[in-house]
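Please read the structure below before turning to the comments.
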Amino acid sequence: MPECQNCGTHVTEQYVAVFAPNGLNHPRCCPSCQDKIRGSDGKVRDARARRQGNGEDPVSYDEDLAGGSA
């Protein structure tokens, strides 16, 4: 059974087919990995925003940093 290399959680074959890098049978991170994602370079990194937060740490939107207007 495929497992996440980061947290050891079981993942489905379909998840592996979509999210694991070519040639690997186990993804480097999965939805159970709190605040971890696979970056464009294929390496696991911390997420920029919390995925499984409890609502106590909201992400704020800064219009000036986003370069747009609301």
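The values are calculated or read from the model by the stated rules, or taken from the named source; none is laboratory data. Worth saying up front: this structure is predicted, and the values here are computed from it rather than measured. Quick reminder, even Gly has a Cβ in these numbers, built from the backbone with ideal geometry, and neighbours come from all protein chains shown.
Would it be correct to say that E56 is charged (D, E, K, R) and modelled with pLDDT of 80 or more? Here the answer is no, as E56 does not meet what is asked. Note on the range 32-51: residues that are surrounded by 16 or more Cβ atoms within 10 Å (Cβ to Cβ) and at pLDDT 75 or above amount to 1.
Within the range 4-22, restricting attention to residues that are among the small types (G, A, S) and at pLDDT 85 or above, which residue is nearest to S40 (Cα to Cα)?
Filtering the range 4-22 down to residues among the small types (G, A, S) leaves 8, 17, 20.
Filter once more, keeping what is at pLDDT 85 or above: 8, 17.
On the way: G8: 22, A17: 17 Å.
The residue in question is A17.
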